[in-house]
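Each remark here refers to the structure printed beneath this line.
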Amino acid sequence: SPPGPRGVPLLGSALELPSKFPFRKFNEWSKLYDGWFVFSAIGQKFLVITNYDIAVDILEKMGTQTADRPTVPMAIYMARHIAFTLENYGDRWRRCRRLAHENFNIRALDQYHGIYELGTAKLLRQLSNIDPLKVPEELLQFSGTLTYEAMYGPESGGENVKQNIRKVWEMAETLGDAMSPAKFIINLIPALGMLPERISPWKQYGTRYFNEHDRFLMEMAQPGLTGQSDSGFVASCMRMRDRTEGISDAEIAWTSFALYGAGVETHINGAQDEVRTVAGDSPPTFEHRSKMPYVMAVMKEVLRWRPVLPAALPHTASQDFHYNGYRIEKGTYIFYNQWNMCRDPAVYPDYDVFRPERFLADPPAPDPPVFGFGRRICPGRNFARDLLFLAISNLLWAYHFEKATDADGKTITPSPEDIDGNILLHPKPFQFIMTPRREIPQ
Ligand code: HEM
């Protein structure tokens, strides 16, 4: 059998798997095996990849067999196969993915640049008078609003935006919980799915969730779907409808949610890192990007040092395949631990040290593998990089960041271990000092 921890009879390694931060356990195991290993937990098989080249072999070269997602009963009752992040590898996933790709590739992103630049200017003004501890919240609101406008058009704003953003967050969070084996027993015992809806609390909850949120998403997408609004993701999907066979209004509305839900929390993490040195008399815009290699290097180092999705999202094998002479069974969950790949000492020496210069060396370190591999590679990666560039460069342009000091005047250095989250990693709130470097334009 393939290399990997054996665990105990029946349960396998289930008892060793932590409910939080599985990437840490994978990291521990990675030291015992060479780049990949297999284990099982209560009958479910897992393949974990910790080496970049092996990820390319398995997830890219064998991409047709390894791009499926786990089928989790509760997630199906709640999202009815229409949130493409969770969707099986098939026709509907392909259609929605195409919408995402055509509207979020590098060229298509130009349409959103105006929105971001306005939003960033607003952010700088808002930050001028707040407690640094509130900055993460402000950044979340910033990324939430910009993503909202990118989806539904800049004029979609108005009274309800804040409330809608909150609702989308909650919706994404609840759906994330639905993936958890611990939260819903039916995910552990799928046979309970045989019960008819009348006596199944899970199916009833799923139906309520789906109906309520389907209505909500359709309402938000309405202006774009009916042609009232001609900018934003939904409106551009409508324009490509003729070229995308079988695409429905609901698929467009739910794809905007999938992008939104995946995007909101991931793209802004780490902009508070202590850095400076960007000058000029007007705030940086996309035109400055090629002239700011250091900012780009900082962005890459933030993504590498604390990858937002350390264990990425699970794939599953849609059929048996062979790797290195071993058979991997259909249905095996496939995790790839980006955490390890970003800390490969041969590629990123002194990997624990935050050192953007590694990306400016000759030859430069390769971009950190934090957006995934193969057919499911993150469709929002360019969008995320655009926003991160703009946020980091503008914050550094406008503010000076320093470590906070305690009552005795000693500097407080936040521990790099102060991280929180589950699948998504983010820093715990920490004190720092932020002073304006200049007059913020009103
Ligand atoms: C720093 C920011 C981000 C990082 C590090 C990141 C990373 C990732 C990773 C590792 C995956 C898993 C790929 C796989 O299944 O193999 C993923 C999937 C995904 N990401 Fe991102 N992402 C980021 C921002 C965004 C943004 C801004 C959006 C939307 C605007 C987005 C939308 C998605 C979607 C929809 C998927 C699911 C793709 C599918 O299942 O086909 N992400 N992302």
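Scanning the stretch 356-368 turns up one or more residues that are open to solvent by less than 30 Å² (accessible area, probe 1.4 Å) and within 15 Å of the chain's Cα centre (by Cα). Answer with yes or no whether I433 is within 16 Å of the ligand (Cβ to nearest atom), of a type outside the set (S, T, N, Q) and at pLDDT below 90. Judged against the criteria, I433 is not a match. The condition (being open to solvent by 40 Å² or more (accessible area, probe 1.4 Å) and small (G, A, S)) is satisfied by just one residue among S40, S30, S1, S13: S1.
Out of curiosity, is F23 farther than 29 Å from L192 by Cα, open to solvent by less than 40 Å² (accessible area, probe 1.4 Å), at pLDDT below 95 and within 16 Å of the ligand (Cβ to nearest atom)?
yes
If you go through the stretch 10-65 and keep only what is in contact with a Gly (Cβ under 7 Å, 6 or more places away or on another chain) and among the polar types (S, T, N, Q), you end up with S13, S40, T50, N51. Among the residues of the stretch 312-328, count how many are hydrophobic (A, V, I, L, M, F, W, C) and either at positive phi or within 9 Å of the ligand (Cβ to nearest atom) (or both). Number of matching residues: 2. So, in the stretch 137-156, of the ones that are away from the ligand (no atom under 15 Å from the Cβ) and open to solvent by 10 Å² or more (accessible area, probe 1.4 Å), which residue ends up modelled with the lowest pLDDT? Looking at residues that are away from the ligand (no atom under 15 Å from the Cβ) and open to solvent by 10 Å² or more (accessible area, probe 1.4 Å), I get S156. Meeting the requirement of 3 or more residues that are within 29 Å of S256 (Cα to Cα), the helices (runs of 4 or more DSSP H) wholly within the stretch 5-114 are 63-66, 73-79, 91-104. Confirm whether R438 is open to solvent by 60 Å² or more (accessible area, probe 1.4 Å) and at pLDDT 90 or above. No: the conditions fail for R438. Total residues in the stretch 98-124 satisfying the condition of being open to solvent by less than 60 Å² (accessible area, probe 1.4 Å), away from the ligand (no atom under 13 Å from the Cβ) and either touching a Lys or Arg at 6+ places or on another chain (Cβ under 7 Å) or closer than 24 Å to A83 by Cα (or both): the figure is 1. Annotation for the stretch 406-428: no member residue is assigned to a helix (DSSP H, G or I) and either open to solvent by less than 60 Å² (accessible area, probe 1.4 Å) or on the phi > 0 side of the Ramachandran plot (or both).
Show me the helices (runs of 4 or more DSSP H) entirely contained within the stretch 150-259 in which 1 or more residues are closer than 28 Å to P22 by Cα and over 24 Å from the mean Cα position of the chain (by Cα).
185-188, 201-225
Taken as a whole, the condition of being in a loop (DSSP other than H, G, I, E, B) and away from the ligand (no atom under 16 Å from the Cβ) does not apply to P366. The residue pairs whose first member lies in the stretch 90-109 and is within 14 Å of T255 (Cα to Cα), whose second member is surrounded by fewer than 20 Cβ atoms within 10 Å (Cβ to Cβ) and among the aliphatic types (A, V, I, L, M), and whose beta carbons are closer than 7 Å, counting only pairs six or more residues apart or on different chains, are E102/A108; E102/M240. Among all positions in the stretch 262-275, there is at least one residue which is away from the ligand (no atom under 16 Å from the Cβ), open to solvent by 10 Å² or more (accessible area, probe 1.4 Å) and at pLDDT below 75.
Every condition in (1) open to solvent by 10 Å² or more (accessible area, probe 1.4 Å); (2) within 16 Å of the ligand (Cβ to nearest atom) holds for A391 except the one numbered (1).
Listed here are the residues, each with its yes/no results for (1) of a type outside the set (V, I, T); (2) more than 30 Å from A121 (Cα to Cα).
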site	(1), (2)
P349	yes, yes
N382	yes, no
L390	yes, no
A398	yes, no
T413	no, no
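The values are calculated or read from the model by the stated rules, or taken from the named source; none is laboratory data. These figures come from a predicted structure and were not determined experimentally. Positions of Cβ are generated from backbone atoms using ideal geometry, with glycine treated the same way; all protein chains shown enter the neighbour counts. With ligands, DNA and RNA removed, areas are computed over all heavy atoms of the protein, side chains included. Shrake-Rupley method; radii C 1.70, N 1.55, O 1.52, S 1.80 Å.
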